[in-house]
1. Filter the stretch 52-93 for residues that are in a helix (DSSP H, G or I), among the β-branched types (Val, Ile, Thr) and out of contact with any strand residue (DSSP E or B) (no Cβ under 8 Å at 6 or more places or on another chain); which is surrounded by the most Cβ atoms within 10 Å (Cβ to Cβ)?
2. Do we have residue 110 as within 27 Å of residue 160 (Cα to Cα) and assigned to a loop (DSSP other than H, G, I, E, B) here?
3. Among residues belonging to the stretch 44-77 that are within 16 Å of residue 341 (Cβ to Cβ) and of a type outside the set (Ser, Thr, Tyr), point out the one that is nearest to the ligand (Cβ to nearest atom).
4. When the stretch 1-50 is examined, which residues are found to be β-branched (Val, Ile, Thr), in a loop (DSSP other than H, G, I, E, B) and at pLDDT 95 or above?
5. Between a residue in the stretch 389-402 that is closer than 12 Å to residue 307 by Cα and any residue that is modelled with pLDDT under 90, which pairs come within a Cβ distance under 8 Å, given they are 6 or more apart or on different chains?
6. Quick one: how many residues across the stretch 134-164 are more than 16 Å from the ligand (Cβ to nearest atom), under 24 Å from the mean Cα position of the chain (by Cα) and not aliphatic (A, V, I, L, M)?
7. Contact list please: Cβ distance under 6 Å, first residue in the stretch 34-51 and closer than 20 Å to residue 70 by Cβ, second residue of a type in the set (S, T, N, Q) and at pLDDT below 95, pairs at least six apart or on different chains.
8. What about residue 310, is it among the polar types (S, T, N, Q), buried (at least 23 other Cβ atoms within 10 Å of the Cβ) and more than 16 Å from the ligand (Cβ to nearest atom)?
Amino acid sequence: MTRPNIVFVMSDDHAAHSISAYGSRVNTTPHMDRLAREGARMDAVYCTNSICTPSRASILTGTYSHINRAPSIYSEFDYRVRTFPEVLQERGYQTALYGKWHLGHTEVSRPRGFDDWRIYPGQGDYIDPVMSGPEGEETFEGYATDIVTRQSLDFLERRDPERPFCLLVHHKAPHRPWIPHPRYEGMYEAGTIPEPETMWDEHTMRAQVVREVAMQLDDLRPTDYKDELPAELEGDAEEARRARSAWKYQRYMRDYLRCVQAVDDSVGEILDHLDETGLAENTIVIYTSDQGFFLGDHGWFDKRLMLDESLTMPMLVRWPAQIAAGTRLSDIVSNVDFAATLLEAAGEDPGSLPDQQGRSFLRQLRGQQVPDWLQAVYYRYWEHDDPEHHAPAHYGVRTPTHKYIRYYNDGLGTPGSSDRIMPVEDELYDLVADPREMTNVAADPAYAEVLEELKALTAELQEQYGDAPYEGPDTPRLEWPTA
Ligand code: CA
C-alpha cells in the first residue's frame, strides 16, 4: 500500500461545541462539517491536561505530561522525548510545521524533525506576526490564519511528489485575545448569540477551589471584549454584575466565533488544494484543537478544568481510502493516542517512540469494533498556582458514564495567600443523569460504591502511566525545565 500523506490541522482553544458538525448552537462551520461528512467525527476525544503547551507535547510524543515534562505553559519541551514527526522524517516523509509551537525557543526546545517550519514566538500576534524558522526571524504581513494557510499550501506546492508528506498546520486562532479577520466584520453581532444553558450555574455543590477560579465571564478584561463598557453596567451590585457578564459574553463570543470562521476557511482552502492536486484519496486530514474551551458554559471562559467543555477536543478525520464517509466514533481516546495512530497509519510501529503511552485507534477509524478497548481517560492538570486564573491542580478519570476529580490543593495559594492550607476535595459526576455536570454527587451515599470504583480506576491508571498520586504535603513535586 502507498503510504498516506498526513495534514494535521490544529487550532488553539477551539471547543467542539462551536463546530456545527458537533451540533453548535452558536455558529456554522461549513468546511469542518465537510470533513465530518466525508470522514469520521470522533465524539469522545479528551485532552489529558487542558492547556496549550502540555497538549502539544502529548500530541507530538504520545506521552503524559509527567513523562514529556511539559506539564505547564511555563515549561519548555523536553527534547529528549522523541516525536512522531521525527520518526516520519527518518522514514522518508517530508515534514513541515507552520504556526503555533509554544514549546520553547532555545536550541533544544525549538522544532525538530521538520524539513521546514515557521513558528510564532510564544502565542504570536494575529496581525503582521513575527515568525521564526530555520533561517531566523521574519515579519509576515497580514492575518495570522491566512499566513499559516499560505505557508502550508506553498509547502504542498513545492514538495517532492515522489515521497509522502506530513504537514502540521497549527493555527493560533481562536486563542485570546480574539482578534478576528476583518472580512468577518458584521458576523455574529453582539446581542445575537444564544447563551448556553448553564451560564448562570451557581456552583453550589462544587469544590471550594473551583468556586474561586478567576474564569468567570466578569473576569474578562477590556482587551478581551474591546467595546467600551457602558457606565450603567459598572458597580458591585449583583444585578450589575450579572448584566455585565451577559454583555461581556456577547462581545468575547462575537470575536471568538469570527476567529473560528477564518480557521474554517483555512480548512476549506486545504481541502480544495487536495482536490485540485488529486491528493485527497490517500491523504489523512485531521482537524482538532489542543483542548476545549468554556463558551460561557457554567459562567466561565477559558479551559484547565476537567469539566467536559474544557476536556473535550474536537476531532474530525478524513481519509477516503480507509475511512468510510459519515463514520461516528464514541470510543474514548486521548491526545496521548494521536501519535500511535498516525504512526500506525503511516505503516510504522507506534513503539518507534520509545516512551510511547498511547493506543492506536486506527482500527476504530477503519470501522472495526475493538471489544477490549479501555473506555476511560486519566487526566491531570498540574499548575498548582496559576497567578491569573487561580485554577487548582487536579487529577481524575472520565468514563462514558462518570467522572471523578480530585483537587489535592497542595500548596494552593489562591486567592491572595501563598501558604493557605486547604483540605483535599473530590467531585463526582453522573454523566448519564447529569450530562451538564451541575450536581457533584461525591458526598451522596447512593454513589459511595461508584466513587470507590473510580478512585480505584484512577489509582490503577496512575500506576500504569507511572504518575504519582498526591499523598500529603510531603509528596515530591514534579520539577520541569522552564522556558
Ligand atoms: Ca490552547
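1. Initially, the stretch 52-93 is screened for residues in a helix (DSSP H, G or I), giving 52-61, 65-68, 84-90.
Now restrict to residues that are among the β-branched types (Val, Ile, Thr): 53, 59, 61, 67, 87.
Those still in the list that are out of contact with any strand residue (DSSP E or B) (no Cβ under 8 Å at 6 or more places or on another chain) too: 61, 67, 87.
Values: 61: 26, 67: 21, 87: 22.
It comes out as 61.
2. Working: within 27 Å of residue 160 (Cα to Cα): yes; assigned to a loop (DSSP other than H, G, I, E, B): yes.
So residue 110 fits the description; yes.
3. Going residue by residue through the stretch 44-77, those that are within 16 Å of residue 341 (Cβ to Cβ) are 44-48, 55, 58-63.
Checking the rest, the ones that are also of a type outside the set (Ser, Thr, Tyr) come to 44-45, 47, 59-60, 62.
Details: 44: 19, 45: 15, 47: 9, 59: 11, 60: 14, 62: 19 Å.
Residue satisfying both the conditions and the ranking: 47.
4. At the first step, the residues of the stretch 1-50 found to be β-branched (Val, Ile, Thr) are 2, 6-7, 9, 19, 26, 28-29, 45, 48.
Add one more test, that the residue is in a loop (DSSP other than H, G, I, E, B), and what stays is 2, 19, 26, 28-29, 48.
Within the stretch 1-50, 19, 26, 28, 29, 48 qualify.
5. From the stretch 389-402, the pairs are 394/408; 395/408; 395/469; 395/470.
6. Total meeting the criteria: 6.
7. 49/65
8. Working: among the polar types (S, T, N, Q): yes; buried (at least 23 other Cβ atoms within 10 Å of the Cβ): yes; more than 16 Å from the ligand (Cβ to nearest atom): no.
So residue 310 does not fit the description; no.
The values are calculated or read from the model by the stated rules, or taken from the named source; none is laboratory data. Only a predicted model underlies this, so the values are computations on that prediction, with no experimental measurement involved. Backbone-built Cβ (ideal geometry, glycine too); neighbour counts: all protein chains shown.
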